[in-house]
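The values are calculated or read from the model by the stated rules, or taken from the named source; none is laboratory data. Note that the structure is predicted; figures quoted are calculated from it, not measured. Heads up, the Cβs are rebuilt from the backbone with ideal geometry, glycines too, and the neighbour counts pull from every protein chain shown. Surface areas here come from the heavy atoms of the whole protein model, side chains and all, with no ligands, DNA or RNA. Shrake-Rupley method; radii C 1.70, N 1.55, O 1.52, S 1.80 Å.
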Amino acid sequence: MVEAEKIFSKISKRMKSSIIRELLKDSTNTSIISFGGGAPDPETFDRKALAKLSQKVLLEEYRIALQYGATEGDSLLKDQFIRILKERHEIEGLDYDNMLITVGSQQALDLMGKIFLDEDSYAMVSHPIYLGAASAFRAYGPKFITIDLEDDGLNINQVEDALKKLDEKGEISKLKFIYTVPNFHNPAGVTMSLEKRKALLKLAHKYDVLVLEDDPYGELRYEGEKIPDIYKLANGEGVVLLNTMSKIMSPGIRIGMIAGDKKIVAKAALAKQGADLCTPTFTQRLVARYLEKGTIFDKMAKAVEIYRRKKNVMLDALDKYVKVDGAKWTKPEGGLFIWVTLPEKYDTMKLFEKAKKVGVSYIPGSAFYIDDRVSSNMRLSFCLPPENQIDEGIRRIGKLIRS
Ligand SMILES: Cc1ncc(COP(=O)(O)O)c(C=O)c1O
């Protein structure tokens, strides 16, 4: 009999089961108040308009929407992304060849890992890091160079020191990219300042290193001024931008995109061919037709209002219930997450089991560190539970922490 364990590949052996996936199971369990997954509030889904459009697309465009499509993606959808990137991000000069449509940005992350990372490569990432990026990259076996996150983004001195060291060792060419989530970081909630974006670019250009900019939350800004994308600041030079419809339209629709240098996009398309031939043509066309209507950002304004209120309810509840010396948390200007730091004696993984018993869940901070350290952090996501449950959930967490 074939023993599967014996024939699994090296890549498969590097894969770890994700605590987030486990926790997402909880988010459908209505008896638990879940601050776990980053799932948008379903009330923000424009379901009636999508139902109507779906029927129209299926009946009138079935020859495209129910057929195989080009690996690179539907040109009508690219037209819409190119328009939006121009209108809302002042990004000019994108052609079809600069863009690949992906199955969410998670696939984009995997493709970036696939085309850039070898076992002797380095990937520079933030600590904490978006768990999905860590899993996507880890499979390809690179060494991670981790950079601390500060309230205004990556610690640029650490970036500079690390680049210098690699250069001195003659290994700078093995550093394939610097991965960053500049807006409303997942899990840390912080946003990279304009100064740091410029400083990061300057260093990246000096050492000829690609910047991988992942921006799923940029449109979910509740306060403060919009800061230009790193891609925009660089005029696209040496930057790949990942974006997604998941947080502003629907994650179930699974539409994301990569924008960047034509050679990188072509290589990623080649890698995608082996993965799935093409992104589902039906959802691509549906999103294209939906975006053509031009109403998405008016609808989004309502979602932004819902999330702004929820975020404030959570911050107020934290002030009210988590009165522990040395505890602090980020006050995000957007996105879906608050990052709580408790005094070091707390292990939020141990606390997590107790929290589940009192009907509340969050993601323990250790999930977001490459080295699986013991962590006194927790990621609280305020997007899914209704406001009264947010207050109640934080009350329960506060009580646990104090006990
Ligand atoms: C920073 C970041 N990148 C990428 C993703 C993947 O999003 P999707 O594949 O739904 O587009 C997420 C999802 O939570 C995220 O937080």
Q: Considering every residue within the range 41-61, establish whether at least one is assigned to a loop (DSSP other than H, G, I, E, B) and surrounded by fewer than 18 Cβ atoms within 10 Å (Cβ to Cβ).
A: yes
Q. When you go through ALA133, ALA123 one by one, which is the residue that is out of contact with any Gly (no Cβ under 7 Å at 6 or more places or on another chain), open to solvent by less than 10 Å² (accessible area, probe 1.4 Å), near the ligand (Cβ under 9 Å from one of its atoms) and under 13 Å from THR180 (Cα atoms)?
A. ALA133
Q | Residue that is in contact (Cβ under 8 Å) with a residue 12 or more places away in the chain, buried (at least 20 other Cβ atoms within 10 Å of the Cβ) and within 16 Å of the ligand (Cβ to nearest atom), where the choices are ALA317, ALA288, ALA259, ALA275 | A | ALA259
Q: Take the range 150-192 and flag every residue that is acidic (Asp, Glu) and assigned to a loop (DSSP other than H, G, I, E, B).
A: ASP151, ASP152, GLU171
Q. Of (1) among the polar types (S, T, N, Q); (2) at pLDDT below 95; (3) buried (at least 18 other Cβ atoms within 10 Å of the Cβ), THR295 satisfies all except one. Which?
A. (3)
(Q) I'd like the residue in the range 148-197 that is among the basic types (Lys, Arg) and open to solvent by 10 Å² or more (accessible area, probe 1.4 Å) and, out of all such residues, is farthest from LEU212 (Cα to Cα). (A) LYS169
(Q) It is to be established whether one or more residues within the range 272-282 are touching a Leu at 6+ places or on another chain (Cβ under 7 Å) and not assigned by TED's automatic domain parsing to the domain that holds GLU61. (A) no
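Which residues, counting only those in the range 208-239, are assigned to a strand (DSSP E or B) and crowded, with 23+ Cβ neighbours inside 10 Å?
Matches in the range 208-239: VAL211, LEU212, GLU213, ASP214, VAL239.
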Q. Does the range 361-374 include one or more residues that are under 11 Å from LEU400 (Cβ atoms), touching a residue at least 40 places away in the same chain (Cβ under 8 Å), open to solvent by less than 80 Å² (accessible area, probe 1.4 Å) and in a helix (DSSP H, G or I)?
A. no
Q: Please work out which residue is farthest from ILE248 (Cα to Cα), limiting yourself to the range 69-79 and to residues that are open to solvent by 20 Å² or more (accessible area, probe 1.4 Å) and in a helix (DSSP H, G or I).
A: SER75
Q: Determine, yes or no, whether LEU200 is away from the ligand (no atom under 16 Å from the Cβ) and surrounded by fewer than 24 Cβ atoms within 10 Å (Cβ to Cβ).
A: no
Q. Mind checking which residues of the range 325-340 are open to solvent by 30 Å² or more (accessible area, probe 1.4 Å) and farther than 18 Å from TYR217 by Cα?
A. ASP325, GLY326, LYS328, TRP329
**Q.** Options GLN284, GLN273; residue that is among the polar types (S, T, N, Q) and in contact with an Asp or Glu (Cβ under 7 Å, 6 or more places away or on another chain)
**A.** GLN284
Q: Inspect the range 341-352 for any residue being open to solvent by 30 Å² or more (accessible area, probe 1.4 Å) and under 18 Å from GLU150 (Cβ atoms) and give the result as yes or no.
A: yes
Q.
Given the criterion in a helix (DSSP H, G or I), open to solvent by 10 Å² or more (accessible area, probe 1.4 Å) and not charged (D, E, K, R), identify the matching residue among ALA301, ALA268.
A. ALA301
(Q) Can you find, within the range 99-114, the residue that is farthest from the ligand (Cβ to nearest atom) among those that are open to solvent by 10 Å² or more (accessible area, probe 1.4 Å) and part of a helix (DSSP H, G or I)? (A) LYS114
**Q.** Complete set of residues in the range 96-121 that are in contact (Cβ under 8 Å) with a residue 60 or more places away in the chain and charged (D, E, K, R)
**A.** ASP97, ASP110, LYS114
